[in-house]
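Have a look at the structure below before the remarks.
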Amino acid sequence: MLTITSKPYAEPRWLENGSGEWGPHGKIFYKKPVVVLIGPRTFSAAEDFTVAFDYMKRGKLIGLPTGGSTGQPVPFNLPGGGAARVCGKRDTYPDGKEFVGVGIMPDITVKRTIKDLQNGIDATKNKALEVLNK
């Protein structure tokens, strides 16, 4: 976890929080197939969820690689009056596999085409329904 002191844009300090584990409920479990649709606008908490889902091997990830950001930006000033933000939280898969700056890769890649867009077709949703109906 990254913490910022009270001064604007002060030097950040890293804190280690460790990891947590949860087991299945036991009495409540959805046994049918499950998929998660992902893409470049999947980031922050949605990417944290995607990591857990992917690591569990509970179902398929369908779409395009995720955004590769924790959604925890650290702002700072640049010379000449500019400003920038960088990812300020290091997250990984439980086994240490990196996804920040890379994204989480889908099991099934579905690329949106101009023709799909013109015809109002959601190819990712259609692929998900195809997988679920097998």
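Taken together, the values in this text are just the output of simple stated rules run on the coordinates, not laboratory data. Computed from a prediction, not measured in an experiment: that's the story for all the values here. Note that each Cβ is placed from the backbone with ideal geometry, even for glycine, and that neighbours are counted across all protein chains shown.
Structure notes:
- Model label points for Gln72 and Arg112, set 7 angstrom from Cα along the Cα-to-Cβ axis, are 2.9 nm apart.
- Given Lys32/Lys111; Lys89/Lys134; Lys57/Lys134; Lys89/Lys115, the pairs whose alpha carbons are separated by over 29 Å: Lys89/Lys134; Lys89/Lys115
- Set of the stretch 47-61 residues, backbone N closer than 15 Å to the point 7 Å along the Cα-Cβ line of Lys134: 58-61
- Most to least packed among 113-123, 95-105 [average Cβ atoms within 10 Å]: 95-105, 113-123
- Pairwise Cα distances in the stretch 36-134 exceed 15 Å for 66 percent of all pairs.
- On full extension, the segment bounded by Ala84 and Asn119 gains 8.8 nm, given 0.36 nm per residue less the C-alpha separation.
- Förster radius 30 Å - calculated FRET efficiency between Lys31 and Val102 (Cβ-Cβ, nearest 0.05): 0.40
- Summary of packing: across the peptides 75-82, 23-30, 126-133, 46-53, the per-residue average of other C-beta atoms within 10 Å ranks them, highest first, as 46-53, 126-133, 75-82, 23-30.
- Comparing Cα centroids, the stretch 80-134 and the stretch 33-56 end up 8 angstrom apart.
- Charge dipole of the stretch 31-132 about the Cα centre (unit charges at C-beta), most positive-ward option of Ala52, Asn77, Gly96: Ala52
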